[in-house]
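S.K.: Here it is, the structure in full.
The values are calculated or read from the model by the stated rules, or taken from the named source; none is laboratory data. Not measured: the values here are computed from a predicted model. Glycine also receives a Cβ, built like all others from the backbone with ideal geometry; neighbour counts cover every protein chain displayed.
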Amino acid sequence: MEKNFNTIRYKLNSLTNEIFSSKEPKDPKEFLEYVTKKDLVGCLKNLTFEFTQIKDEIEEIWDEYKHKTLDYLKHLKKTISVIEKRHKELSSGFATLLGEIEVLEGRVDREFITMAIKLSEIENKKINIRNKFYELIGALLNEEEIVILETIIKLSKSSEIIWVEKVLKSIEGKADPSKIDEILLKLVREGYLKLGVSLAV
């Protein structure tokens, strides 16, 4: 996208230089002949088309980023809700954190052209919110346990029954798979999850 933008910017600068470096037309007829000869109107139309393509590409990238960010914040709120049910003592801290999440959601959930915040600021706020979340629950769950709990919450969106195999696949590269049984038992024991069984065939 950046390469395309730089190409168009070069064309626009060249066109501008072409127009202003030429001698000033003496009358409308001479100007019209000059524009026709150089096909400046055609060049401008091409640039307009290419600018539109860039605009569409930027908006498509933004929409994808926006949906991923809102989805991330939605799942984080769900995780907070699950933990808060077991630990009412964290309600005050979670309320403050949920307020920050809602503010960020409101700033992200809009069209790119109306954005009043930089992408770097959004990422910094996400990191800040995440860090505060970890600080609040650090004494309850470690990072791997949180990852597995969040994974199960995400998977529960499509099914109430979550197979361990799906969890293992989803946490690949995020947590140690050899600890999955131990962590799941802890999450069940502490009331975050319910244990289920099924026939092997």
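S.K.: Which is touching a helix residue (DSSP H, G or I) at 6+ places or on another chain (Cβ under 6 Å) and crowded, with 17+ Cβ neighbours inside 10 Å, of Glu100, Glu105, Glu145?
M.R.: Answer to the check: Glu145.
S.K.: Can you go through Leu97, Leu185 and tell me which one is farther than 30 Å from Ile54 by Cα and modelled with pLDDT of 95 or more?
M.R.: Values: Leu185 fails: modelled with pLDDT of 95 or more.
Among Leu97, Leu185, only Leu97 is farther than 30 Å from Ile54 by Cα and modelled with pLDDT of 95 or more.
S.K.: Determine which member of the set Leu168, Leu149, Leu97, Leu195 is touching a Pro at 6+ places or on another chain (Cβ under 7 Å) and farther than 30 Å from Glu57 by Cβ.
M.R.: Result: Leu168 is the single residue among Leu168, Leu149, Leu97, Leu195 that is touching a Pro at 6+ places or on another chain (Cβ under 7 Å) and farther than 30 Å from Glu57 by Cβ.
S.K.: A follow-up question, please. Is it the case that some residue within the range 114-132 is in contact (Cβ under 8 Å) with a residue 40 or more places away in the chain, surrounded by 15 or more Cβ atoms within 10 Å (Cβ to Cβ), out of contact with any Gly (no Cβ under 9 Å at 6 or more places or on another chain) and farther than 25 Å from Leu73 by Cβ?
M.R.: no
S.K.: Separate question: I'm told Lys194 meets every condition in (1) outside any helix (DSSP H, G or I); (2) touching a residue at least 12 places away in the same chain (Cβ under 8 Å); (3) out of contact with any Leu (no Cβ under 6 Å at 6 or more places or on another chain) except one. Can you identify the failing condition by its number?
M.R.: (2)
S.K.: If I go through the range 64-112 residue by residue, how many of them are within 13 Å of the chain's Cα centre (by Cα) and of a type in the set (Val, Ile, Thr)?
M.R.: Count: 2.
S.K.: Does Lys29 satisfy being modelled with pLDDT under 90, over 30 Å from Ile117 (Cα atoms) and outside any helix (DSSP H, G or I)? Walk me through how you get there before you give the answer.
M.R.: Details: modelled with pLDDT under 90: yes; over 30 Å from Ile117 (Cα atoms): yes; outside any helix (DSSP H, G or I): no.
For Lys29, the condition - modelled with pLDDT under 90, over 30 Å from Ile117 (Cα atoms) and outside any helix (DSSP H, G or I) - is not met.
S.K.: Follow-up. Could you tell me whether the range 61-71 includes any residue that is under 21 Å from Arg189 (Cα atoms) and in contact (Cβ under 8 Å) with a residue 24 or more places away in the chain?
M.R.: No, that holds for no residue.
Residue-wise test of (1) more than 24 Å from the chain's Cα centre (by Cα); (2) outside the structural domain of Tyr72 (by TED's automatic domain parsing).
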residue: Lys118; (1), (2): no, no
residue: Asn124; (1), (2): no, no
residue: Asn131; (1), (2): no, no
residue: Ser158; (1), (2): no, yes
residue: Ile162; (1), (2): yes, yes
residue: Pro177; (1), (2): yes, yes
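S.K.: Only one of Ser178, Ser158 is in a helix (DSSP H, G or I) and out of contact with any Leu (no Cβ under 9 Å at 6 or more places or on another chain). Can you tell me which?
M.R.: Every option except Ser178 fails the conditions.
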